[in-house]
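A quick write-up on the structure given underneath.
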């Protein structure tokens, strides 16, 4: 038989080393880690161009050919690098994840996460982002396969990945650094002991408020919420004592069980300081003081009823003119000053706690009269002026605190007030319209933070329910150990020790936890979807 020359069919020739098509001959840099990284970055760009071509019907064959060449080059690079079909190419996958074509649609979910959106919205945005990123992945079609069908699979897979990864990353970030509201952080800085629901707000606060209304176990929740109100009132009382600079006041206030007890204590402390400083001072009759008194009397005549205006005039004549201007020396010594301020303070307290609005208005003018005397004391006695300023600042806060304690709504809770009642006291005590409309008014920030964090009503302590619930737990355990476990968890969490532990868990994290949580919530949803796309391109077909 004559020798026959056999020729390898063209379809097999490129499989022989050295006979590869140019685009399949990887070699050099393309099979290196950097080369595969660059190819991973290029794939979404080529996929986006391919999508545009198929969407418009222009240059479809050219786009498909470019994708095929890029695909073949990558597969040859894998082989050259010694990767098996089961190996995942981390470098190509990383390039795919950071590709500009993927980052553009991925930016949307990052903005949503930073905006603190709900999990539902994050899931929806993640699905849309994943679908957009799936749309940019290249499609390498084989005979009998449809570009549209493969693209639909990619889009659907990306959407599914985005809808799962986005909320999962948000929840994981919240677990690392729970989202405590800004108002809650402000109150905790003031020493207010908030419950877990009050700290986090939103859904946790909603669930906690529901639990507070449940029979038996609700008493434990309400007791913790009542503690939050007690420390809220103590924080307001501390504002009056803070200018004095003595930290021992904190311990004293923590052990007081009624708002009335707090008010009595704060008033006594401030009054004692006034008495000491006034004993070191003197007030002379001056034209400036007489002018201030005249202006105040005129305002009282316009703002009070005729009979109450006459009462105010009598107070000015007896306490100020009688003890200063009509004095032969026209000087009030320390003893006289103490008498003046004590009488004014007593009158102001009595009138301000009256149920008559007219008498409360008169009490407001008596308070202004005392402020005139306090100002004169500072101006005429520079040696004790700074100390008096501090006590005056504390007294101004105390006036607001005292009004809130004496409000009608606080009567049912032994003088403990809620943020709405404190707000009324702040507005009634503030003379400046500008301060009233902003947070510049004394204690206005406590009002705002309290309204955003605490319940509208002060709960009772739930003592009887807590006692009954504890007794019932033993019987419940016999019938349903699972229910007994749940029932036991609530008292444990909302006990004094449980509350301290919860606050520590929610507020104390290792250094850098906040940065990790923020990065996870901002970037993990995007990178998670990109990782899904990269995994589809990081293995050999």
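The table for this structure:
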quantity	calculated
Span from the region 318-341 Cα centroid across to the region 251-273 one, whole angstrom	30
Burial ranking of peptide ranges 222-233, 285-296, 401-412, 333-344 (average Cβ count within 10 Å, highest at the top)	222-233, 401-412, 333-344, 285-296
Cα convex hull volume per residue for region 258-438 (Å³)	115
Of every Cα-Cα pair in region 208-290, the percent that sits beyond 14 Å	72
Relative packing of peptides 61-68, 262-269 - highest average C-beta neighbours within 10 Å first	262-269, 61-68
Rg/Rh (Cα only; Kirkwood hydrodynamic radius) as it applies to region 256-296	1.26
Ranked 417, 249, criterion: other C-beta atoms within 10 Å, fewest first	249, 417
Peptides ranked, highest mean first, by Cβ atoms within 10 Å: ranges 304-311, 325-332	304-311, 325-332
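Just so you know, all these numbers are worked out from the coordinates, no wet-lab data involved. Note that the coordinates shown come from a computational prediction; the quantities given were computed from them, not determined experimentally. Virtual Cβ from ideal backbone geometry, glycine too; neighbours counted across all protein chains shown.
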